[in-house]
Amino acid sequence: MKLVLIVGSGAVGKMTVGQELMKITDLRLFHNHMIIEPVLDVFGYFNGELIQKMREVVFDEYIKGDYQGMIFTMMWAFDMPSDWDYVMSVASKFDEVYCVELIADQAVRLERNKTENRLKNKASKRDIEASNQRLLNEERYRLVSNEGEIPFENYLRIDNTNLEPDVVAQMIKEKFNL
């Protein structure tokens, strides 16, 4: 089973590109906030341990099914060993791993942070001021990989600052023959 892992900073377009990629492939989208939002709603705070447990259930059940593969989106802090461990753990569940790293200018990401699609799918982002502050505070982590750092054979970095999500999705589909 295939895994297309889309990583990048906040509001770079991971979910939106994933939505477009799902439209043109046989892959299903599991974006990070599909678990984060219910946990925030029920518990009132970001419970990372619970979020990880719930993701594991989704991955394990999905893999049992008759699917071509999954698109999974997340922020990967390259300076955090725990993020490396998590990514490798998820990747180990799949037969084929395709990693896509999206990068975009911060000014563009701040604009994307308030798009209708983002706010519809991510209730925790609807307080734009607080969401913008979280995005600005991301700089305490290294969310862009160094040259040659991504260990996956199938890797693609796309600067999508000036690209529409459907164009990026088509680039991914063509590059990896999805």
(request) Could you tell me which of the residues Arg109, Arg118 is surrounded by 11 or more Cβ atoms within 10 Å (Cβ to Cβ), in contact with a Leu (Cβ under 8 Å, 6 or more places away or on another chain) and of a type in the set (D, E, K, R)? (result) Arg109
(message) Looking for something within 14 Å of the chain's Cα centre (by Cα) and farther than 23 Å from Asn137 by Cα - is there at least one such residue anywhere in the range 78-94?
(response) yes
(request) Could you grab me the full set of residues in the range 16-40 that are part of a helix (DSSP H, G or I) and of a type in the set (Ser, Thr, Tyr)? (result) Thr16
(request) Inspect all residues belonging to the range 102-121 and state whether any of them is closer than 26 Å to Val39 by Cα, assigned to a helix (DSSP H, G or I) and modelled with pLDDT of 95 or more. (result) no
(message) Any residue at all in the range 56-74 that's farther than 21 Å from Ile128 by Cβ, among the polar types (S, T, N, Q) and loosely packed, with under 14 Cβ neighbours inside 10 Å?
(response) yes
(request) Take Gly8 and decide whether it is buried (at least 18 other Cβ atoms within 10 Å of the Cβ), in contact with a strand residue (DSSP E or B) (Cβ under 6 Å, 6 or more places away or on another chain) and closer than 17 Å to Leu178 by Cβ. (result) no
(request) Working carefully through the options Ala77, Ala107, find the one that is touching a helix residue (DSSP H, G or I) at 6+ places or on another chain (Cβ under 8 Å) and within 24 Å of Glu129 (Cα to Cα). (result) Ala77
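The values are calculated or read from the model by the stated rules, or taken from the named source; none is laboratory data. Everything quoted here is computed from the prediction, not taken from an experiment. Ideal geometry is used to build each Cβ from the backbone, glycine not excepted, and the neighbour counts take in all protein chains shown.
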